[in-house]
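Shown next, in structure tokens, is the structure this report addresses.
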Amino acid sequence: MAGFPMYDFADLQAANDAVWQVVAARLAAAGHDVPVGLDRSRTVDQLWQDPALVLAQSCGYPLLTSLRGRVRLVATPRYRAGGCAGAWWGSALVVRADDASPDLATFRGRRCAANQPHSNTGMNLLRAAVAELAMGQPFFRTVTWTGSHRGSLALVADGGADLAAIDAVTLAHLGRIEPERVGQTRILGWTAATPGLPFVTARDTDDATVDIMRAALDEIASDPAHAWIRGILLLDGFDPVPEAEYECILALEQRAIDLGYPQLV
């Protein structure tokens with residue numbers, strides 16, 4: 001099992017496939033039986049929780065919740081995108097371009113779009129920001145769960161919602177893929193930053209195999225032959241971010257709970 005579902009728009013799939021081929025070639029040379037290609041047929045939970053998982057990109061929030069003890073970290077990518085600082089990034093608070101509201105506080109009683117209840121960049125970081133303003137009370141008039149950052153941005157752009165938190169890397173990709181739609185929105189501000197979306201493998205994967213995959217990712221980050229991959233995926237490299245650094249994600253959740261705002265509402 002292998003899959004890179006987090007940034008796998010149709011325009012990026014050839015580059016994601018190429019990343020896997022570099023990793024797979026190194027694993028095969030070391031005698032491993034590896035998938036021929038990336039699996040795009042399963043849900044992210046099915047992919048991440050499969051004990052046969054070789055490599056996948058996950059989200060930081062489930063890494064510490066539903067996936068804790070089920071996977072181990074391989075590396076965290078660095079991206080060349082606005083809002084990214086090394087392997088850390090946050091989300092842009094996106095509103096319609098013609099909305100003159102000056103700050104998040106002015107969105108009390110308005111409509112929110114969010115991708116998934118268990119997303120760090122789409123839900124947790126936004127909840128943390130809103131918790132500072134909500135005073136323990138519901139903040140938004142409605143919260144619509146769209147299933148994806150792309151769907152959330154589209155809902156704001158089309159007038160079906162007033163605000164969404166869009167992952168910085170997703171926003172950069174959509175700026176190239178859907179410039180007209182992104183141009184219908186503007187960035188109101190930014191959430192806090194946390195370690196980015198990590199590449200993970202099954203918990204029982206041995207150290208030698210993890211080292212092979214890290215070497216393959218380093219090759220992708222440095223080999224001139226792979227510059228086209230880096231250009232399409234906005235990749236700048238990979239860092240071995242320890243799991244302990246991701247605990248700040250749960251600290252943001254706990255802060256929201258302490259402020260009486262446990263759910264994005």
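For every residue, the table says whether it meets (1) in contact with a helix residue (DSSP H, G or I) (Cβ under 8 Å, 6 or more places away or on another chain); (2) surrounded by fewer than 19 Cβ atoms within 10 Å (Cβ to Cβ); (3) assigned to a helix (DSSP H, G or I); (4) of a type in the set (Gly, Ala, Ser).
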{"site": "Ser66", "(1), (2), (3), (4)": "yes, yes, no, yes"}
{"site": "Ala92", "(1), (2), (3), (4)": "yes, no, no, yes"}
{"site": "Pro117", "(1), (2), (3), (4)": "yes, yes, no, no"}
{"site": "Leu126", "(1), (2), (3), (4)": "no, no, yes, no"}
{"site": "Gln137", "(1), (2), (3), (4)": "no, yes, no, no"}
Next item on the list: Determine whether segment 234-244 contains at least one residue that is more than 28 Å from Gln46 (Cα to Cα), assigned to a helix (DSSP H, G or I), in contact (Cβ under 8 Å) with a residue 24 or more places away in the chain and not polar (S, T, N, Q).
Entry: no
Margin query: Need the failing condition index for Val143 against (1) of a type in the set (Val, Ile, Thr); (2) surrounded by fewer than 23 Cβ atoms within 10 Å (Cβ to Cβ); (3) assigned to a helix (DSSP H, G or I), just the number.
Written below: (3)
Checklist line | Matching residues in segment 162-216 - criterion: being in the same structural domain as Leu38 (by TED's automatic domain parsing), aliphatic (A, V, I, L, M) and in a helix (DSSP H, G or I) | finding: Ala208, Val210, Ile212, Met213, Ala215, Ala216
Next item on the list: Please verify whether segment 27-43 includes one or more residues that are outside any loop (DSSP other than H, G, I, E, B) and either of a type in the set (Gly, Ala, Ser) or buried (at least 22 other Cβ atoms within 10 Å of the Cβ) (or both).
Entry: yes
Notebook entry, point to check: If you go through segment 214-232 one residue at a time, do you hit one that is over 19 Å from the mean Cα position of the chain (by Cα) and among the basic types (Lys, Arg)?
Noted result: yes
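Looking at Val200, Val156, can you tell me which residue is crowded, with 21+ Cβ neighbours inside 10 Å and under 22 Å from Leu27 (Cα atoms)? It would help to see each step written out before you state the result.
Values: Val156 fails: under 22 Å from Leu27 (Cα atoms).
Just a single option satisfies the conditions, and that option is Val200.
The values are calculated or read from the model by the stated rules, or taken from the named source; none is laboratory data. All values derive from a computational prediction rather than experimental measurement. We place every Cβ from the backbone using ideal geometry, glycine too, and count neighbours over all the protein chains shown.
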